[in-house]
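Heads up, the thing below is written out as structure tokens.
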Amino acid sequence: MKKALVLGIICLAAQTVFAQQTLKLSVKYLPMQNYATTYKMDMDMKMSIGDEATAQALKAAGQPSNMVMKMNMAMAVDMATQAINAKKEVPFTATYTDFAMNGSMNGQALPLPQTSIKGIGFLGHYSNDTKKLAVDGIKGDTTNAAAKASAQEQLSQIFNQYSFPEATLKVGESFEQNMPISLPVGAGSTEVMTKIKYTLKEIKANEAIFDLNQVLDMTMDLPQNAGKMTMNGTGKGSMIYNIAAAFPVRFAIDMDFGFKMNTAGTPISGNMKGVSLTEVKVTKK
């Protein structure tokens, strides 16, 4: 009897240890939940002209040949999901509770387009088939196609970024994901694709903690046939996944990218450093 009891305790302990060392990963938006999301991004970019004659001409004209650009953005969105509908979708409403964006070039404020979206609400649904959010319209106006498209793009940048495989992971195992990021180029911005490797570092209580390693290595055409740009660099960060909520509640990464381009025969090189942080508070209704 004592041997059987001891053996049972050992088996139970072994199962507990094994459970703490494995994670069934599945990211989804659950019905009847509140998702309060905050997103912050700070980016610094330094550019220098590699052509001496051009640099001297800029200096003679009172223009700098070296430029330092700073970009900052803060956003907060509250999302509330409803019960699953007949299409097995999860309807939601989302409202911007904060939005701010500013930038500067060599200490001078950039004339960025300022859109007041604080307080604007969206109607949409989450598909269990595609694992994506879709915007159905704006609160009070479901027919404005332009506003709907803008809302879809803005929400997708944050809420559709977690395209993870559904898999059982052991501590130390990894998976990779391609993730687009928006970077400032000239007077506008462009989207580049990076690769992030997620490695399960540890599981404790209701949280799974991942180490993140990001890689960017690409060549792209600049807008309006302005030439080509090569970019490469890395990023490091961490992610906390809430097991009960089946959702990442903290995603932080530091990026360090270098770039080179040749525009109209003028070589330009530089460095781009960025820090982004997404935090989500998930609560039941």
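Any idea which residue in the range 95-109 is nearest to Lys285 (Cα to Cα), counting only those that are open to solvent by 50 Å² or more (accessible area, probe 1.4 Å) and over 24 Å from the mean Cα position of the chain (by Cα)? If we take residues in the range 95-109 being open to solvent by 50 Å² or more (accessible area, probe 1.4 Å) and over 24 Å from the mean Cα position of the chain (by Cα), then Ala109 is nearest to Lys285 (Cα to Cα). Scanning the range 79-94 for residues that are closer than 15 Å to Val282 by Cα and surrounded by 15 or more Cβ atoms within 10 Å (Cβ to Cβ) gives Met79, Ala80, Thr81, Gln82, Phe92, Ala94. The residue that is nearest to Val215 (Cα to Cα), counting only those in the range 248-269 that are modelled with pLDDT under 85 and either open to solvent by 50 Å² or more (accessible area, probe 1.4 Å) or within 16 Å of the chain's Cα centre (by Cα) (or both), is Asn262.
Residues checked against (1) in contact (Cβ under 8 Å) with a residue 40 or more places away in the chain; (2) among the aromatic types (Phe, Trp, Tyr); (3) assigned to a strand (DSSP E or B):
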{"site": "Leu58", "(1), (2), (3)": "no, no, no"}
{"site": "Pro64", "(1), (2), (3)": "yes, no, no"}
{"site": "Met69", "(1), (2), (3)": "yes, no, yes"}
{"site": "Met73", "(1), (2), (3)": "no, no, yes"}
{"site": "Val77", "(1), (2), (3)": "yes, no, yes"}
{"site": "Ala83", "(1), (2), (3)": "yes, no, no"}
{"site": "Lys87", "(1), (2), (3)": "no, no, no"}
{"site": "Val90", "(1), (2), (3)": "yes, no, yes"}
{"site": "Phe99", "(1), (2), (3)": "no, yes, yes"}
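One line per residue, one yes/no per condition, for (1) in a loop (DSSP other than H, G, I, E, B); (2) closer than 25 Å to Tyr198 by Cβ; (3) open to solvent by 60 Å² or more (accessible area, probe 1.4 Å); (4) modelled with pLDDT of 85 or more:
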site	(1), (2), (3), (4)
Gln114	yes, no, yes, no
Gly137	no, no, no, no
Thr143	yes, no, yes, no
Ala151	no, no, no, no
Gln154	no, yes, no, no
Tyr162	yes, yes, no, no
Gln177	no, yes, no, yes
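The values are calculated or read from the model by the stated rules, or taken from the named source; none is laboratory data. Just so it is clear, the structure is predicted and the values come from calculations on it, not from any experiment. Every residue, glycine as well, gets a Cβ built from its backbone with ideal geometry; the counts of neighbours run over all protein chains shown. The accessibility values were calculated without ligands, DNA or RNA, using every heavy atom of the protein model including side chains. Shrake-Rupley method; radii C 1.70, N 1.55, O 1.52, S 1.80 Å.
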